[in-house]
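Have a look at the structure below, then the notes.
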Amino acid sequence: MFDRRLLTHFDWVLLLLVCVLTGIGILNLYSATSSWSQAVTPVYLKQFYWLCIGLTIALVIALFDYRNLEYFATPLYVINILLLVAVLVVGKKSMGATRWLDLGLFNLQPSELMKLMIIFILARYFSIKDQILGYNMKDLLIPFALLGVPVLLIMKQPDLGTAMLVLFIASSMALFAGIQRRTMITLGVMGAVAAVGGWFLLRDYQKKRILTFIDPERDPLGAGYHIIQSKIAVGSGGLFGKGFMDGTQSQLSFLPERHTDFAFSVFAEEWGFTGSLVLLLLYLLLVTWGIYVARRASDNFGVYLALGVTAMLFWHIVVNLGMVIGLLPVVGVPLPLFSYGGTSMVTTMVGVGILLNVSMRRFMF
């Protein structure tokens, strides 16, 4: 029998925040691509279709009890690992990277799904292996193995941005679970050593991105072009912006990838500091509400699920915004609910569906 309390506890605040952010994003895409030839379906209209698909998926996910994910977490994780292996063997190559599987009707990017799978599998582990005094190095061996395999496979594609996000999400969940002080110090030293040694494992274009981040002017017409144009767009917006569809950097096509990675740069130029502040406040509300959902969850598994999804949203926001204003290297991370991308929209909406699910069942013990 359907429990009517699920409807009375539906999280309308979360759904409203998601719809407002996505609506602003679609308007921004309309402006960013208004100068393009519209012989095919416009980008903003495609994004609206993906929004409808994503909302449908989120609402369907909200209908099923999230506790069942605890039993399916391991099989889903293993399937995603096999998909990552398949990408390296028979994946579709584009722009020097092999990240997609051609399924005929659409291209699947398993590395995007791994952001969710790592949340599921670690939520299951930390909820079962709860350590009141914190986890030591021995306790973290299994999470390290669960994290290390997909990160290495994703870096092999190569996709440093997604690998970094998977690492950040897992680290956020582990920190919330609690790590002993001695173990934290050991991990810090290991991380520093790995960062130095990892430089020699990076590909030439990845090293170039980091060097360009340090000094964009070293190659203003090559590797530094994206970030220079983005900073010009953001800075030229001033206090109140140039107005909707009046941004020169985007409308005159100086700003590359303005519908995906640099969508925020278009918005900042047209709406200025004031509009950007409003957008950031909306994202802050979204992340804060995600933490609120985790805080009210009725069991540990729900807590870790909600926290993992919130961490996924948070790190996407931080990395993308840091990237477009020159605080972080350009790694090709989209702004959730704002940048164009079907896989990104669906992945984010699956996360939203999980948050709705946990929030709706906070009264069930």
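The values are calculated or read from the model by the stated rules, or taken from the named source; none is laboratory data. Predicted, not measured: the structure shown is a model, and the values here were computed from it. When we count neighbours, we look across all protein chains shown, and the Cβ atoms used for this are built from the backbone with ideal geometry, even at glycine. Each accessible area value is taken on the protein alone, full model and side chains, heavy atoms only, with ligands, DNA and RNA left out. Shrake-Rupley method; radii C 1.70, N 1.55, O 1.52, S 1.80 Å.
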*Among the residues of the stretch 301-321, is there at least one that is without any contact (Cβ under 8 Å) to a residue 24 or more places away in the chain and within 28 Å of Ala32 (Cβ to Cβ)?*
yes
_Can you report the number of residues in the stretch 74-104 which are under 21 Å from the mean Cα position of the chain (by Cα), open to solvent by 50 Å² or more (accessible area, probe 1.4 Å), farther than 27 Å from Ala297 by Cα and touching a residue at least 40 places away in the same chain (Cβ under 8 Å)?_
1
_Complete set of residues in the stretch 284-330 that are within 13 Å of Ser172 (Cα to Cα), open to solvent by 40 Å² or more (accessible area, probe 1.4 Å) and β-branched (Val, Ile, Thr)_ = Ile291
*Would you mind stating whether Val358 is outside any helix (DSSP H, G or I), more than 14 Å from the chain's Cα centre (by Cα) and surrounded by 20 or more Cβ atoms within 10 Å (Cβ to Cβ)?*
no
*Is it the case that some residue within the stretch 251-266 is of a type outside the set (Val, Ile, Thr), buried (at least 19 other Cβ atoms within 10 Å of the Cβ), without any contact (Cβ under 8 Å) to a residue 60 or more places away in the chain and more than 24 Å from Val331 (Cα to Cα)?*
no
*So, in the stretch 154-170, of the ones that are open to solvent by less than 50 Å² (accessible area, probe 1.4 Å) and not aliphatic (A, V, I, L, M), which residue ends up modelled with the highest pLDDT?*
Thr162
*Is the stretch 273-284 home to any residue that is outside any helix (DSSP H, G or I), of a type in the set (A, V, I, L, M) and more than 20 Å from the chain's Cα centre (by Cα)?*
no
*Taking the residues in the stretch 291-326 that are touching a helix residue (DSSP H, G or I) at 6+ places or on another chain (Cβ under 8 Å) and assigned to a loop (DSSP other than H, G, I, E, B) as candidates, determine which candidate is farthest from Asp11 (Cα to Cα).*
Gly326
*Are any residues in the stretch 131-155 in contact with a strand residue (DSSP E or B) (Cβ under 9 Å, 6 or more places away or on another chain) and closer than 14 Å to Arg99 by Cβ, and if so, which ones?*
Ile154
*Going through the stretch 47-73 one residue at a time, which ones are closer than 17 Å to Ile121 by Cβ and open to solvent by 60 Å² or more (accessible area, probe 1.4 Å)?*
Asn68, Tyr71, Phe72
*If you go through the stretch 15-32 one residue at a time, how many are over 13 Å from Leu45 (Cβ atoms) and surrounded by fewer than 17 Cβ atoms within 10 Å (Cβ to Cβ)?*
4
*Please verify whether the stretch 142-153 includes one or more residues that are at negative phi and modelled with pLDDT under 90.*
no
*Among the listed residues Ile185, Ile179, Ile227, Ile232, which satisfies the condition of being closer than 28 Å to Thr310 by Cα and either among the charged types (D, E, K, R) or open to solvent by 40 Å² or more (accessible area, probe 1.4 Å) (or both)?*
Ile185
